[in-house]
1. With in contact (Cβ under 8 Å) with a residue 12 or more places away in the chain and crowded, with 20+ Cβ neighbours inside 10 Å as the only criterion, which of Gln782, Gln757 stands out?
2. Within region 777-791, work out how many residues are aliphatic (A, V, I, L, M) and under 13 Å from Pro673 (Cα atoms).
3. What residue, of Ala201, Ala186, is touching a Phe, Trp or Tyr at 6+ places or on another chain (Cβ under 7 Å), at pLDDT 80 or above and of a type outside the set (Val, Ile, Thr)?
4. Output the qualifying pairs, or none if there are none: Cβ atoms under 6 angstrom, residues six or more apart or on different chains, first residue in region 500-511 and open to solvent by less than 50 Å² (accessible area, probe 1.4 Å), second residue among the acidic types (Asp, Glu).
5. Exactly one condition in (1) in contact with a Gly (Cβ under 9 Å, 6 or more places away or on another chain); (2) exposed (fewer than 14 other Cβ atoms within 10 Å of the Cβ) is not met by Ala405; state its number.
6. Looking at region 321-339, is at least one residue under 27 Å from Asn212 (Cα atoms), at pLDDT 80 or above and among the acidic types (Asp, Glu)?
7. With the requirement that a residue be within 16 Å of Ser250 (Cβ to Cβ) and open to solvent by 10 Å² or more (accessible area, probe 1.4 Å), what does region 187-223 give you?
8. Return the only residue of Tyr707, Tyr686 being open to solvent by 10 Å² or more (accessible area, probe 1.4 Å), of a type in the set (Phe, Trp, Tyr) and either modelled with pLDDT of 90 or more or assigned to a helix (DSSP H, G or I) (or both).
Amino acid sequence: MLTTNMLDIDPDKIFEEKSVSEIEVIQKKIQDEVERKKEELRTMVGERYRDLIEAADTISDMQQTAAGVIDRIHNMENLCGAFQQRQLLGFQLDLSKASYPTLDKQDNVGIGLAIQVKILVAIPEQIWVAVEREDFLLGTQLFLLARHIKTGFHLESSPLLEKMMPVVCRQWSAISHFQQKLVNGALLALASSDVSSVCAARYLCVLALLDNTDGETLFNRFLQVRQNAIRSILLEGNDKANVKHRICASLRLLLNTLSLLQSCFVEGRGGQQEGLIWQHLLALTKQEINHSTTCLTSLEILDTLGLEPTSLRLLPPVVRDFRPTNKSCKDSVSLEEVRNHTTTWLQSLKQFLNDALHSLLDLVTSIRALQSIRDASLKEQQGLSGWDIALQKLQLPCGLDIWNAYYQPLVSSRVRILVEQQWTSALATTRQKLADQLRAILRDRNHQPEHDLRWFVWRERSTDLPQQPSQTNAFGLSHGLLLKCRGYSPRIEALCQSLDGPLCALLQDLASYVQDSDIDRDEIQQHLQQCSSNHLQEFCQHIKENCISGAAGREEACVALVARLLKALCELSPALKSCFLPVAVFTSSKNLLGSSAAWTEIVDTLQESSKHAWSTWQELVSSHIGTLLQDKLLPESGNLSAVLSHSTPQWEEHSMEEQGEEGGQLHSVIRVPAQPSLALQDVLSYACHILGSSQPHTVPSEVKIAYVEKLISNMLKQYNNAVKMDLPQAQALQFLLDVMFLSSSLIPRSQKSLSQQANQICQSLEEKIDPFDLDVFSPYIQNNVRQSVRHMQCLLGVLISCWPEKLSSIWTTSSGSEKSSEQPSLLAVCPPVPWFPLLPVVLAGTGGNQTTPMQPPIQEKPQVKQSLGTRSPKKRTEPMENIKSGAAAFFGAMSSDWFS
């Protein structure tokens with residue numbers, strides 16, 4: 001059984017429930033526990049006996065010491081009572097300076113005590129009046145007078161005073177709480193931003209007199225009060241509407257603090273060396289007349305209590321001539337200490353302003369609001385005076401401009417953040433709209449496709465021509481006709497406007513902000529350029545990763561939309577270019593006349609991204625055309641006879657007369673391929689359709705060249721596969737003309753690899769033709785190649801225009817040899833084209849005014865008369881040998897009338 005249970009044992013209950021043996025066991029346990037407790041008690045008493053003796057001795061010594069202290073206190077009371085003038089205890093009074101003669105004290109002690117009690121009764125009301133008027137210095141003087149009178153009563157011993165003590169104690173209990181109230185009122189008044197230097201000096205005197213503080217402590221307390229006031233202004237509430245008011249109030253309070261430092265602690269009014277605080281304290285403690293202060297003398301204070309002159313004469317001199325004392329604040333603070341403490345205070349205040357203003361400026365969501373805050377603060381700073389003198393005298397590290405040192409960097413930082421946010425928002429909106437457009441294209445691929453702009457270019461709209469001549473944007477795109485010429489569909493225009501609108505608003509806000517500020521203009525301009533560059537590069541990367549590489553990257557219309565959008569941003573978004581120009585031309589209508597290195601760099605980036613998108617489009621289109629080539633030129637079944645029967649056009653028939661062995665004339669007819677195969681023409685027509693429907697003049701030349709190169713490479717690859725088959729001579733002749741046609745029309749001399757590949761295919765095809773037949777057919781085939789090039793050069797102009805060399809050779813290959821010698825001043829153009837007049841060319845060495853009208857060339861079939869016995873194979877001429885580069889001669893000889 002546990003010990004705690006043994007203490008709770010009920011003997012009656014045990015005898016009722018337990019047996020005798022069990023009761024004996026319980027008794028034994030209880031006895032053992034008793035013995036154990038006795039042993040513990042003896043041990044504890046033996047160990048603690050020495051400590052108990054020492055404690056008793058200490059108590060006895062303390063009792064003797066306390067008795068001695070009490071005796072000495074009684075002796076001091078007896079000695080104080082023995083003074084002839086007990087009221088003078090602790091004060092020094094020059095009786096020669098008493099304002100009124102005193103009466104016999106023994107006869108008027110009771111009246112003097114009564115007047116002092118009357119003063120104690122009247123002081124609370126006067127202190128309340130002073131507090132309501134915020135004249136805390138007068139209230140402090142009244143409070144100190146009451147405490148002085150109360151102290152004197154405690155030192156007085158007379159039967160009359162014993163009767164008055166209940167009244168005195170009751171009145172003092174009503175006056176004593178004013179000390180903290182006066183201190184709190186002075187601190188609250190010091191926290192105001194509109195307090196004058198004189199009032200601040202009086203409030204500081206209240207703290208110095210009531211708390212008995214020295215000058216350095218008073219100075220630090222003043223700085224702490226002002227910092228708490230700034231803290232309360234900036235941290236109170238969370239209202240966006242009061243941000244400007246709170247910032248202006250904090251700036252006004254800071255400037256007012258510096259002005260008060262100058263006047264109260266450094267130099268007072270009138271050029272005096274001491275501050276206003278020590279001037280007031282000197283006037284209070286010495287009772288000297290000082291016209292620069294507004295302190296009341298003791299008699300003036302007594303007059304405020306409504307005492308009559310007769311009553312004043314009955315007061316003891318110690319009460320009548322009472323003046324406060326403050327030995328701690330006797331010496332003023334040195335200029336070096338003021339500078340050091342102020343510097344430390346400004347450093348801590350700067351750290352607080354960085355945190356408080358950051359959270360406060362986060363509530364401002366527009367640059368216009370920041371401009372309003374800055375203008376109001378600068379106006380507030382210019383309207384205050386005195387703080388600049390303090391900065392000059394103290395030579396503080398913040399310089400001579402508080403706004404630029406503490407507030408402007410935070411405002412500039414918020415401007416940069418807003419620029420970043422507005423750029424992010426604008427690009428997010430543009431991305432979202434671009435994603436919506438791409439999804440719409442994927443849902444309905446045939447509705448206004450971007451890779452086929454014929455629905456937009458060839459349809460007249462009311463916006464094609466400008467309604468007013470003055471309505472022109474910064475890039476000169478004044479109407480929809482120019483947009484059609486550049487291939488910018490309404491989707492592109494809408495996407496550019498979604499980015500240009502927010503940027504235009506941003507630039508207007510920035511232009512207004514930096515108009516009157518030269519401090520952070522360069523910084524904001526540099527940040528705007530850097531931010532714009534980073535976001536555009538991010539936008540290009542986003543398009544490359546999400547729009548070209550994803551599902552939209554497998555759709556021609558989506559890729560074409562992205563490619564045109566990247567290029568259109570440079571032309572349809574004037575605000576985008578303004579982001580990279582100097583701030584001075586933000587609002588200038590001529591801002592596009594200039595440029596900058598940053599703008600040139602970003603234009604190159606956008607164009608490179610656009611070319612990358614066009615390259616992706618070219619790969620998609622080339623893959624589709626490659627599939628078509630396999631189906632048209634060389635089907636998988638390899639049935640060339642079926643292909644030849646359906647894709648070979650009608651051949652030309654030529655009559656030949658030859659002299660037989662017996663001298664007779666033999667007439668024979670040969671059949672020669674007249675034009676490229678229908679399959680080749682179909683593929684080329686489809687390729688021209690694809691490129692032409694996408695506005696080829698808007699596609700980069702590198703992409704078009706790659707497109708044509710891929711097309712020719714795929715064609716030559718198919719013909720090379722056909723050469724490896726067992727071709728009959730007729731098929732070999734047709735394929736030979738096809739390859740020669742490709743080589744003459746679409747393969748320039750600069751493409752040596754393609755030229756060599758075409759020549760190899762031609763040689764392989766010639767090997768499959770009888771040499772004697774090849775000798776007969778070669779002139780006809782070459783002539784038909786030239787005729788086919790001349791006839792189809794207009795239809796294939798989109799593909800041929802990719803090669804400037806081929807453009808210049810068109811004119812040299814279009815004229816016959818005979819006609820060119822007879823009429824060398826004519827150029828052969830397409831006869832059925834009615835839109836252009838005849839183009840006269842002046843012969844070299846002839847008069848410039850002599851022109852000859854152009855006549856269509858007359859085609860003559862060559863008559864070949866050869867003997868069968870003397871016929872021998874001749875070396876075939878290359879198809880490119882008759883092509884000459886005449887672009888320079890052509891444009892040099894053109895008449896100026898053509899352009900008039």
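The values are calculated or read from the model by the stated rules, or taken from the named source; none is laboratory data. Fair warning: this is a prediction, and the values are worked out from it, not measured in the lab. Note: ideal-geometry Cβ built from the backbone for every residue, glycine included; neighbour counts use all protein chains shown. Calculation scope for accessible area: heavy atoms of the full protein, side chains included, ligands and nucleic acids excluded. Shrake-Rupley method; radii C 1.70, N 1.55, O 1.52, S 1.80 Å.
1. Values: Gln782 fails: crowded, with 20+ Cβ neighbours inside 10 Å.
Answer to the check: Gln757.
2. Applying the first criterion (aliphatic (A, V, I, L, M)) to region 777-791 yields 781, 785, 789.
Going one step further and asking which of them are under 13 Å from Pro673 (Cα atoms), we end up with 781, 785.
Qualifying residue count, region 777-791: 2.
3. Details: Ala201 fails: touching a Phe, Trp or Tyr at 6+ places or on another chain (Cβ under 7 Å).
Step by step, each of Ala201, Ala186 is checked, and only Ala186 is touching a Phe, Trp or Tyr at 6+ places or on another chain (Cβ under 7 Å), at pLDDT 80 or above and of a type outside the set (Val, Ile, Thr).
4. Final answer for the pair search is none.
5. (2)
6. yes
7. Scanning region 187-223 gives Ala191, Ser192, Ser193, Asp194, Val195.
8. On the way: Tyr707 fails: open to solvent by 10 Å² or more (accessible area, probe 1.4 Å).
Testing whether each residue is open to solvent by 10 Å² or more (accessible area, probe 1.4 Å), of a type in the set (Phe, Trp, Tyr) and either modelled with pLDDT of 90 or more or assigned to a helix (DSSP H, G or I) (or both) leaves just Tyr686.
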